[in-house]
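K.L.:
Right, I'll just put the structure down here and ask away after.
No value in this document is a laboratory result; all are computed from the given coordinates. Remember, predicted model here, so these are calculated numbers, not experimental data. Here the Cβ positions follow ideal geometry from the backbone for every residue, glycine too, while neighbour counts run over all protein chains shown.
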């Protein structure tokens, strides 16, 4: 076994250089634990290639030796998809050194980037060219484009621009045998059979390793309006969303729902944040953008919110008067996951439902969970505009949070059964990873699972790419 390991190490060193093959425990430790601290794995090594050719060489070596590969980007995932298992057989393939812009075509409104670029770096590259890449997440300073594609990330602008897969025109990927599939085409129309790139987007590195992508760009907004709205109920928020869509059209970019408790937790761990509308049960954070510099957007948002207050859909509202005020309102929302982590463990659910089904779901789920776990606290927030809720459960005040986590299987069953009964999904934007692979078996149909296994067996017959993730 030591000879095999030594041979593997020597070949990997030859592929990427000694400095970029990490084997010392202290060096590889940061790659073996997820952002939430829920998953801890072991690995033979961490390999850090700088080019697609190097990725291909590493994969070919691993295919030849039967060595499992766990691709990893910024390691900001929520479901353990980028963390190796406990057996120590795998290598972690970190793509963070692949961080270049390969091309930017302003006339075609596309940017071609490598998978290891952070989302924030891609956004900045677009901005430097006077354009916008609209994908936006709280973790954008550290998450990578490869990770975003592998989980089909959502974020705060899906209402207007769609999920990650809708922002991708072409990809480059290394297949499980080490071959490179180069399909970096910036075409919006390419009707030539199967759209193969969509197999790899959302597959969490189980079918191939995405090394680069052609992404859509959009005109940069020159007029923006950001508002925090106090609302009496979730049902009122859905009605308000409908009214704002009618008033603003596709200039409505984001509509975020936040419960009073989620706002309170965010402020508790970042006390410099203000809540300009205290003492309301629910809040909506609204973002509208227009690429026209002389747009009457601000006045139109004000008028729409005034009408909502008059009709009872909203109780109060404040509109940011500066970029700094808008950033503060967004920080109030984006700090919620970090604040929750500091507040203690909680049972998380990343669910999606038809927007129309959300009010009734929230009501029914609260009754069922309160009956099962008296005193449970609901930290509910998310992207109401596209039907995605982060429906999280915190321990009753004063109780043992760690002990409360033992209720996760029962809580998951209550929540996921209610979601499935309403035509929803148990994973809206975080993926399956290790966390939900058993749940997937429960909620996917037999034919869906059969097709997924068939695709996996065809592309990765030896099962070396991200084993133990997505499929059981």
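K.L.:
Taking only the C-alpha atoms, wrap a convex hull around segment 118-177 and report its volume per residue in Å³ as a whole number. Don't skip to the end; give the middle numbers.
P.N.:
On the way: hull volume 5.7 nm³, N = 60.
About 95 Å³ per residue, rounded to a whole number.
K.L.:
Separate question: Enter the angle in degrees (range 0 to 90, nearest 10) between the Cα long axis of helix 408-421 and the first principal axis of the Cα atoms of the chain, meaning the one along which they spread out most.
P.N.:
Long axis of 408-421 versus the principal axis of the chain: about 70 degrees.
K.L.:
How would you rank 50-61, 269-280, highest first, on the average number of other Cβ atoms within 10 Å across their residues?
P.N.:
Put in order of decreasing packing, that is 50-61, 269-280.
K.L.:
Follow-up. Can you pull the one-decimal nm distance between simple spin-label points at residue 399 and residue 198, each 7 Å off the Cα toward Cβ?
P.N.:
Each label point lies 7 Å from its Cα, and together they span 4.3 nm.
K.L.:
Quick one: Debye curve from the C-alpha atoms of segment 119-239, no solvent, what's log10 I(q)/I(0) at q = 0.19 Å⁻¹?
P.N.:
Log10 I(q)/I(0), no solvent term: -1.08.
K.L.:
Once the mean 1/r over all distinct Cα pairs of segment 45-103 is inverted, what Kirkwood radius in angstroms do you read off?
P.N.:
Values: mean 1/r = 0.0815 Å⁻¹.
This gives a value of 12.3 Å.
K.L.:
Hey, another quick one. Can you check how the C-alpha radius of gyration of segment 1-118 compares to 2.2 N^0.38 Å, as a plain ratio? Working shown, then result.
P.N.:
Numbers: Rg = 15.4 Å, N = 118, 2.2 N^0.38 = 13.5 Å.
Relative to the 2.2 N^0.38 Å estimate, segment 1-118 comes out at 1.14.
K.L.:
Additional query: Post the alpha-carbon centroid distance, segment 391-458 to segment 195-267, in whole angstrom.
P.N.:
22 Å
K.L.:
Now for a different question. If the chain between residue 29 and residue 53 were fully stretched, how many nm would it gain, using 0.36 nm times the residue separation less the Cα-Cα distance? Show your work: numbers first, answer last.
P.N.:
Values: separation 24, 0.36 × 24 = 8.64 nm, distance 2.62 nm.
Taking residue 29 through residue 53 to full extension adds about 6.0 nm, to one decimal.
K.L.:
For segment 76-126, state the average projected area of the convex hull of the C-alpha atoms over all orientations, rounded to one decimal in nm².
P.N.:
Values: hull surface 18.9 nm².
Dividing the Cα hull surface by four gives the mean projection, 4.7 nm².
K.L.:
As a test, work out the antiparallel percent of DSSP beta bridges whose residues both lie in the chain, rounded to the nearest 5. It would help to have the intermediate numbers written out before the result.
P.N.:
Working: 59 of 67 bridges.
Of all bridge pairs located within the chain, approximately 90 percent are antiparallel.
K.L.:
Per residue, how big is the convex hull of segment 328-469 when only Cα atoms are used? Give it in Å³. Don't jump to the answer; show the numbers that get you there.
P.N.:
Working: hull volume 20.4 nm³, N = 142.
Once divided by residue count, the hull of segment 328-469 is 143 Å³.
K.L.:
What full-extension length gain, to one decimal in nm, is calculated for residue 18 and residue 341 as 0.36 nm per residue of separation minus the Cα-Cα distance?
P.N.:
So the extension gain works out to 112.6 nm.
K.L.:
Once label points are set 7 Å from the Cα along Cα→Cβ at both residue 307 and residue 181, what is their separation, rounded to one decimal in nm?
P.N.:
Spacing of the two 7 Å Cα→Cβ label points: 4.8 nm.
K.L.:
Any idea how far apart residue 299 and residue 457 come out in nm if each label point goes 7 Å out from Cα toward Cβ?
P.N.:
So the label points at residue 299 and residue 457 sit 6.5 nm apart.
K.L.:
May I pose another question? Just order 284-290, 104-110 by mean Cβ neighbour count inside 10 Å, highest at the front, would you?
P.N.:
Details: 284-290: 24.9, 104-110: 14.7.
Ranked by mean Cβ neighbours within 10 Å, highest first: 284-290, 104-110.
K.L.:
Return the calculated 222 nm mean residue ellipticity for the chain, to the nearest 500 deg cm²/dmol, obtained by summing -39500 (n - 2.57) across DSSP H runs with n ≥ 4 and dividing by the residue count.
P.N.:
Working: 17 runs with 171 residues, N = 472.
Counting only the DSSP helices, I get -10500 deg cm²/dmol.
K.L.:
So, by mean Cβ neighbours within 10 angstrom, what's the order for 182-194, 434-446, 118-130 with the highest one leading? List each step's numbers first, then the result.
P.N.:
Values: 182-194: 10.9, 434-446: 15.6, 118-130: 17.5.
The densest-packed peptide leads the list: 118-130, 434-446, 182-194.
K.L.:
Using only Cα atoms, find the angle between the long axis of helix 323-334 and the longest principal axis of the chain, and express it within 0 to 90 degrees, rounded to the nearest 10.
P.N.:
The angle comes out at about 70 degrees.
K.L.:
Nearest 10 degrees is fine. How inclined is helix 358-372 to the longest principal axis of the chain, computing both from alpha carbons?
P.N.:
Relative to the chain, helix 358-372 is tipped by roughly 80 degrees.
K.L.:
Could I ask something else about it? Under the classification rounded if a/c is under 1.5, otherwise prolate if a/b is larger than b/c and oblate if not, where does segment 223-337 fall, given a ≥ b ≥ c as square roots of the Cα gyration tensor eigenvalues? Don't skip to the answer; put the middle values down first.
P.N.:
On the way: a/c = 1.99, a/b = 1.27, b/c = 1.57.
Oblate.
K.L.:
On to the next question. How much length, in nm to one decimal, is gained on full extension between residue 324 and residue 422, taken as 0.36 nm per residue of separation minus their Cα-Cα distance? Please report the intermediate quantities before stating the final value.
P.N.:
Working: separation 98, 0.36 × 98 = 35.28 nm, distance 3.98 nm.
Here the segment from residue 324 to residue 422 would lengthen by 31.3 nm.
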